[in-house]
Amino acid sequence: MSLFEAIRDPARRRDDDEELEKRLLWVNKRVFGHEGFRGGQLQIIKATMKKRDCVVILATGGGKSLCYQLPAVLSDGVTVVVSPLLSLIEDQVSTLVTTAAGIPAAHATSSTKESSIRAVYCELHRCHRWHKLLYVTPERLAASDTLHDILRKLHERKLLARIVVDEAHCISEWGHDFRPDYRKLGDVRAEYPGVPVMALTATATSATIADIRRSLRIGEDAVVHRASSDRPNLRYAVCNVTTQSDEQINEMICSFVAAHHAECGIIYCMTQADAEDLADFLCNRGVKAEYYHAGMTSLQRRVVQMGWTRGRIHVVCATIAYGMGIDKKDVRYVLHASLAKSLEGYYQEAGRAGRDGQPSECTIFYKKNDVAKLQRIITGFGKHRRRGPKLKRDLDRLEDVRRFCEETKHCRRAILVSHFNGDGGPSTAALSDDRSPVACCDICAATASQYKNSTTTTTTTNNGAKRPGRGPSTRPAQRPRIDTSYVLSG
Ligand SMILES: Nc1ncnc2c1ncn2[C@@H]1O[C@H](COP(=O)(O)OP(=O)(O)OP(=O)(O)O)[C@@H](O)[C@H]1O
Ligand SMILES: [Mg+2]
Ligand SMILES: [Zn+2]
């Protein structure tokens with residue numbers, strides 16, 4: 001009897017909660033190699049095992065995959081996982097099949113070999129119960145009649161275990177990576193009554209979550225797990241480079257990278273040409289850098305990704321196509337050399353840093369002109385010029401990013417947490433009680449140093465003149481334009 005047959009052996013099943021929990025712990029250790037569960041995982045896994053619909057909002061790197069991979073291993077039949085990016089799908093499937101236990105998983109996407117797709121479809125069509133997970137893109141699920149026939153047959157035989165929608169914010173026009181075919185998933189789920197659905201995302205505002213629920217027809221009785229989106233090991237900073245020339249900015253990026261010698265990082269650039277130029281510039285300075293963007297062939301992208309995952313490449317200069325869902329734990333910094341179009345997009349990209357829980361930096365090189373450039377891109381040109389409420393919504397989101405970059409008073413970490421949790425967010429003090437405020441963000445660092453200065457006899461004013469100290473000040477007197485040496489010192 002194989003490990004997977006043993007796990008599902010009905011003779012071993014008892015349906016009480018205690019027994020279920022024991023089995024989950026055992027599989028988590030034996031199959032996935034984890035000593036225990038992280039916050040929320042056990043509760044979500046138990047709920048989906050009991051066929052409840054689940055909406056899971058867990059921070060980037062929080063361990064969302066386990067919430068459906070472990071139940072997939074334990075359930076009869078196949079779990080269908082809808083995921084937006086080919087690189088993410090390939091990464092997940094290869095991790096599953098190469099685990100010590102070798103979890104049977106496959107993908108059917110535009111980059112999967114036709115012969116592999118045929119073999120998987122054939123196996124599923126015969127209901128052989130071999131594959132535990134099938135990853136597909138929403139486009140494949142929307143377009144393939146063969147796949148639908150197979151799912152229908154599996155469903156009839158009660159072998160369609162679960163439908164999982166990863167990166168579920170892509171469903172929502174209120175999300176930041178909207179993909180039209182995600183919208184059709186509500187119809188897909190309606191075709192298979194009784195099959196539980198799980199929607200997962202790291203970055204979703206309340207409007208996005210409501211839209212996800214509506215689109216996937218997730219009812220009131222669903223389990224919604226929303227963990228704080230806070231990532232305490234990430235340190236945020238914004239460096240205003242508005243007055244710097246492109247050459248100066250490149251030099252600053254180079255110093256930033258040098259300060260993180262041999263550490264892994266991602267640098268987000270606005271255009272494909274920017275990514276290529278910056279990678280060349282860094283290479284000429286002896287940095288192991290490569291570029292990555294949607295204009296490359298899939299083979300080229302795979303080579304870069306593999307080199308980066310294995311540590312041969314230290315820095316990837318990328319457009320935003322890069323990184324969503326890629327599980328590389330030791331990314332020590334994410335540098336935005338251009339702005340994200342929304343705080344949701346920013347948090348997703350910055351969240352690639354520090355997935356191992358170690359201190360990591362998220363720094364934006366903010367150039368005021370970038371806001372105008374992005375406004376023009378978002379608005380569109382000529383006959384592609386956009387109008388109406390959707391344009392306004394996208395411009396409002398960019399405005400959030402601008403405000404975040406130009407913030408002078410409030411903790412950046414608190415702003416982000418409050419943006420996603422929809423409440424007032426934790427106070428700076430609450431955020432900082434587990435760590436030094438200097439480690440939290442540039443604004444807290446500036447406030448802390450100002451506090452230190454103000455407790456001495458004099459305080460520096462905006463124009464650099466000294467005035468008599470008036471006790472502790474809790475606010476920086478001016479926008480703390482980050483001292484470059486501070487940012488560059490890593
Ligand atoms: N219970 C656990 N114990 C130890 N490690 C875990 C546990 N659960 C997940 N992990 C590890 O945490 C890492 C991140 O997990 P995962 O890729 O599922 O994150 P995620 O929440 O999907 O993030 P993203 O939003 O970026 O996709 C993985 O390397 C995974 O093996
Ligand atoms: Mg994930
Ligand atoms: Zn702070």
Among the strands (runs of 3 or more DSSP E) lying completely within region 273-358, list those that include at least 2 residues that are under 16 Å from Phe256 (Cβ atoms). 315-318, 331-336
Within the bounds of region 295-315, is there any residue that is over 26 Å from Asn240 (Cβ atoms), within 16 Å of ligand 1 (Cβ to nearest atom), in the same structural domain as Arg402 (by TED's automatic domain parsing) and within 17 Å of the chain's Cα centre (by Cα)? yes
Residue among Ser215, Ser245, Ser229 that alone is within 28 Å of Gln305 (Cβ to Cβ) and among the hydroxyl-bearing types (Ser, Thr, Tyr): Ser229
Using the structure shown, decide if Thr112 is polar (S, T, N, Q), out of contact with any helix residue (DSSP H, G or I) (no Cβ under 9 Å at 6 or more places or on another chain) and either within 16 Å of ligand 3 (Cβ to nearest atom) or not in a helix (DSSP H, G or I) (or both). no
Subset of region 293-345 [basic (Lys, Arg), modelled with pLDDT under 90 and touching a strand residue (DSSP E or B) at 6+ places or on another chain (Cβ under 9 Å)]: Arg301, Lys328
Go through (1) within 11 Å of ligand 1 (Cβ to nearest atom); (2) out of contact with any Ser or Thr (no Cβ under 8 Å at 6 or more places or on another chain); (3) assigned to a helix (DSSP H, G or I) for Gln92 and report which single condition fails. (2)
Looking across region 122-147 at residues that are farther than 17 Å from Ser110 by Cβ and in a helix (DSSP H, G or I), the single one that is modelled with the lowest pLDDT is His125
Top-ranked residue of region 356-408 - restricted to ones that are of a type in the set (Gly, Ala, Ser) and at pLDDT 95 or above, ranked as surrounded by the most Cβ atoms within 10 Å (Cβ to Cβ): Ser360
Among (1) farther than 30 Å from Leu234 by Cβ; (2) hydrophobic (A, V, I, L, M, F, W, C); (3) part of a helix (DSSP H, G or I), Val80 falls short only on (3)
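Considering each of Asp181, Asp177 in turn, give the residue that is in a helix (DSSP H, G or I), at pLDDT below 95 and of a type in the set (Asp, Glu).
Of Asp181, Asp177, the one residue that is in a helix (DSSP H, G or I), at pLDDT below 95 and of a type in the set (Asp, Glu) is Asp181.
Could you please let me know if Gln248 is without any contact (Cβ under 8 Å) to a residue 60 or more places away in the chain and closer than 30 Å to Leu86 by Cβ?
The answer is no for Gln248.
The values are calculated or read from the model by the stated rules, or taken from the named source; none is laboratory data. Please read these numbers as outputs of a predicted model, since none were measured by experiment. Using ideal geometry, Cβ is built from the backbone for each residue, glycine included, and neighbour counts are taken over all protein chains shown.
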